[in-house]
Structure formats: C-alpha cells, structure tokens
Amino acid sequence: MKKQIGILTATRAEFGLLKPLILRLMEEDFCDAKVLVTGMHLSPAFGNTYMEIEEAGIPIAEKIECITEGDTPKDITNNMAMAMTGFGNYFSDNKLDLLIVLGDRYETLAVCIAAMNAEIPIAHIHGGEATEGMIDEAIRHSITKMSQLHFASTDIYKNRIIQMGEQPDRVFNVGALAVENTKNTEFVSREALGKDLGIDLTGDYAVVTFHPVTLEENSGVEQFDQLIDAMDAFPNMKFIITKANADAGGRYINHRIDEYAKKRKNVVAVTSLGVKRYLSAVKESCVVLGNSSSGITEAPCLRVPTVNIGDRQKGRIMPDSVICCEPKREAIIKAVKQAVSDDFRKKVKLMTNPFGTGDTSERITEIIRSEFDNYGNIGVVKNFYDIEVNI
C-alpha cells in the first residue's frame with residue numbers, strides 16, 4: 001500500500017519553498033502526498049494565499065483554520081490551541097505514515113505536538129538554524145526534538161542537530177529548497193511585473209520585507225519606522241514592500257506599510273507576491289532590504305545584495321552578499337549605499353552560495369523512499385545520541 005505523507009504549509013513563504021518537493025512527491029508511486037493547509041493561507045487579511053496552491057495545480061487535502069483577528073501574545077496562544085485541536089481531530093481520522101514540516105512557525109509547533117500525540121513520525125526541513133532575535137529559535141529546536149528525520153541546508157546546521165542528541169543516520173544535509181526554486185522558476189519580466197503591480201520599475205528598485213522581531217520590545221515596530229525613514233533618503237529608488245506575517249505586531253507593521261505607500265509614488269505595497277512574482281522581483285532588484293530569511297537564502301541564489309536589518313536573523317550563516325546593520329536610519333542608509341555600489345555588486349556576482357546545488361527535493365524524496373524501503377515504517381521511538389566531550 002502507498003505511504004500516506006502529509007505536507008504542512010501555513011504561510012506564503014513556506015509554500016514557496018515546499019512547492020518543488022510537493023510536486024515531486026505527487027509524481028511518486030510509493031506515496032500519496034496530502035497537502036495540509038492552515039495559518040495565514042486561510043486569512044483574508046494575509047491574502048487568502050491558499051489560492052496560490054490551487055493555481056499551481058496542487059490539490060489541498062484539508063484546510064484547517066487557526067488565525068484569529070488579533071496578533072497579541074494571547075491571540076498567538078489561542079491560534080496555537082486552534083491548530084492543535086483542528087489537527088488533533090484530523091490526525092485521529094486520517095492516520096499518516098509521515099508528516100513533513102518546514103521551519104519554525106508557531107502553527108507548525110502546534111501541529112507537530114498534535115502529530116506527536118497521534119504517534120505520527122515527523123520529517124523536519126531547515127532544522128539546526130539559529131535566529132536569536134525571534135521566538136522561532138525555541139520553536140525550531142522544539143520541532144527538531146519531536147522529529148524523526150532531519151533535512152538540514154548546510155553541514156553546520158546538520159552538526160547542530162546531531163549536537164542536540166539526534167542520531168547521525170537520521171540527519172541529512174540536502175541543501176536549501178530555495179536554490180532549487182531559483183534555478184527552475186520561469187521569471188516574469190521587469191516590465192510585466194511593474195505593469196502587474198502598478199508601478200514603473202525603470203531604474204533601480206528594492207524589494208522590502210520586514211517582519212516583527214518577536215523577542216524584542218515593541219516587536220520591531222520602532223525598527224520598522226527607522227527603516228521607512230531610511231527609505232526616504234533614496235527618492236530616486238522604487239520600493240516593492242511585501243507585508244509582514246501573522247506574528248505579534250504584524251498587523252501594526254502592515255498598517256504602517258499601507259500608510260507609507262499611500263503617500264509615495266515610488267512605493268507599492270503587496271500582501272503577497274506569490275513565488276513566481278517574488279523571485280522575479282528579487283532577480284531584477286538592486287537590493288533586498290529588511291529582516292526576512294529570503295534575503296539570506298533566495299536573494300544570494302539570485303546574486304542580489306541584501307541589507308539585513310537588526311537581530312531577527314542573527315545566528316544564521318550569512319552569505320557574502322548579505323550586509324548586516326543596526327536597525328537605525330543612518331546605519332541602514334550606509335548599508336544600502338554599500339550594497340548598490342559597483343564594487344559590492346561585482347563581489348556578489350562572484351560569490352559561492354553555501355546552500356547546495358539545487359537538487360534538494362530529489363534528495364529528500366529519495367531519502368524518504370529509502371527509509372520506507374529499508375524499515376517498512378519510520379518509527380517514532382528515538383534514542384538520544386551522546387557526543388563525547390572533554391570537560
């Protein structure tokens with residue numbers, strides 16, 4: 001019988017990364033791939049991005065809502081409770097042989113708890129990474145400890161997972177799915193993208209994404225104000241701003257984005273670009289600006305400079321295309337000027353990408369197939385792997 005494999009997605013960015021893996025698993029004869037949709041995908045406030053999944057020709061096995069109207073810590077806790085209850089019911093009625101999750105979202109943690117209680121094995125993509133300015137740091141490592149298979153994007157991250165007590169033969173460096181996406185995307189032209197978004201993209205433009213900083217006071221709201229003040233120092237540059245996610249403080253930042261864009265002809269705000277338009281926008285831009293992980297993974301794959309602001313991504317491996325700066329107006333202005341300079345652009349064109357060669361979905365699929373072929377099932381019982389250290 002075919003193995004029943006669930007793939008969880010809660011956000012636009014997450015689906016963008018998972019898309020090649022989902023499409024590959026759909027073609028395999030050893031499994032039935034079931035796409036489970038939750039979180040921001042099902043919220044009108046965040047663009048109802050589940051429609052992007054359907055437009056890609058991917059059937060959705062189940063939609064489970066877990067987003068409320070607010071984004072306070074209490075609201076986030078309520079969202080997690082909704083996710084646990086909804087997926088607990090689903091897993092009770094639909095026994096999976098494996099659940100594939102990516103990253104570090106709070107919805108993902110809640111779903112993994114429900115899967116763990118249902119004794120469903122979990123495969124975790126992008127474990128071992130660090131984001132010291134975010135609550136996602138603790139969430140990511142918690143998911144690692146609940147997972148049976150681990151797909152890291154570099155050897156450094158692989159070794160961190162083993163350091164956390166995971167068996168080395170269940171931890172794999174498969175590179176980043178972002179590399180695969182950038183290699184295989186059919187890009188939209190600059191002219192077509194500008195027409196679609198309603199902005200003239202002639203000349204230099206930046207792609208801006210700024211998410212809440214969940215472990216800092218005011219969730220990065222003051223930092224975002226510093227960012228938009230810095231953007232005003234470049235009146236001849238265009239800006240495409242993609243809105244923040246559903247973390248605490250996200251709705252306020254999105255309100256500020258709308259206010260800012262409404263008063264400026266060189267700025268356009270978009271709830272969600274989707275995978276194809278986002279990667280196309282980054283490819284033709286002069287710089288990616290903000291604190292999103294896409295500036296650390298996707299932008300380097302496309303040889304585009306990134307200005308990474310503040311501590312939200314602190315702890316991650318930073319490719320040579322990334323300039324990190326303090327979340328202060330003058331520091332941001334200085335970093336942008338460096339990023340768009342001819343010397344830095346030349347350096348970026350010649351850099352080596354640390355995130356693999358673009359065959360990640362194939363490698364993940366073959367490892368999962370091999371695990372089922374060799375063992376029949378992926379058990380949920382794990383032994384802690386001790387590393388010998390000299391104290």
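Descriptive notes on the structure:
- Any hit, segment 115-123, residues being under 20 Å from N78 (Cβ atoms) and surrounded by fewer than 24 Cβ atoms within 10 Å (Cβ to Cβ): yes
- Among residues of segment 258-275, those that are farther than 16 Å from D196 by Cα and either among the polar types (S, T, N, Q) or touching a helix residue (DSSP H, G or I) at 6+ places or on another chain (Cβ under 8 Å) (or both), counted: 1
- Any hit, segment 219-234, residues being in a loop (DSSP other than H, G, I, E, B) and either among the hydroxyl-bearing types (S, T, Y) or modelled with pLDDT under 95 (or both): no
- Of all residue pairs spaced 6 or more apart or on separate chains, none has beta-carbon atoms under 7 Å together with a first member in segment 325-348 that is within 20 Å of K314 (Cα to Cα) and at pLDDT 95 or above and a second member that is open to solvent by less than 90 Å² (accessible area, probe 1.4 Å) and of a type in the set (K, R).
- Cβ pairs under 9 Å, 6+ apart, first in segment 183-195 and of a type in the set (D, E), second open to solvent by 60 Å² or more (accessible area, probe 1.4 Å): E186/K276; E191/T202
- For segment 18-53, the tally of residues that are assigned to a helix (DSSP H, G or I), modelled with pLDDT of 95 or more and of a type in the set (D, E, K, R) stands at 2.
- Filtered residues of segment 35-79 (kept if touching a strand residue (DSSP E or B) at 6+ places or on another chain (Cβ under 7 Å) and of a type in the set (V, I, T)): V35, V37, T38, I53, I58, I60, I64
- Check on Y375, exposed (fewer than 14 other Cβ atoms within 10 Å of the Cβ), among the aromatic types (F, W, Y) and over 20 Å from M26 (Cα atoms): yes
- Matching residues, segment 352-368, being open to solvent by 50 Å² or more (accessible area, probe 1.4 Å), in contact (Cβ under 8 Å) with a residue 40 or more places away in the chain and of a type in the set (S, T, N, Q): T357
- S341 being open to solvent by 30 Å² or more (accessible area, probe 1.4 Å) and of a type in the set (G, A, S): yes
- Residue that is farthest from Y50 (Cα to Cα) [pool: residues in segment 267-307 that are open to solvent by 30 Å² or more (accessible area, probe 1.4 Å) and more than 17 Å from the chain's Cα centre (by Cα)]: R303
- Matching option when the condition is within 28 Å of L23 (Cα to Cα), open to solvent by 20 Å² or more (accessible area, probe 1.4 Å) and either modelled with pLDDT under 95 or of a type in the set (D, E, K, R) (or both), among D200, D204, D136, D169: D169
The values are calculated or read from the model by the stated rules, or taken from the named source; none is laboratory data. Just so it is clear, the structure is predicted and the values come from calculations on it, not from any experiment. Ideal geometry is used to build each Cβ from the backbone, glycine not excepted, and the neighbour counts take in all protein chains shown. In case anyone asks, the SASA skips ligands and DNA or RNA and just uses the protein heavy atoms, side chains included. Shrake-Rupley method; radii C 1.70, N 1.55, O 1.52, S 1.80 Å.
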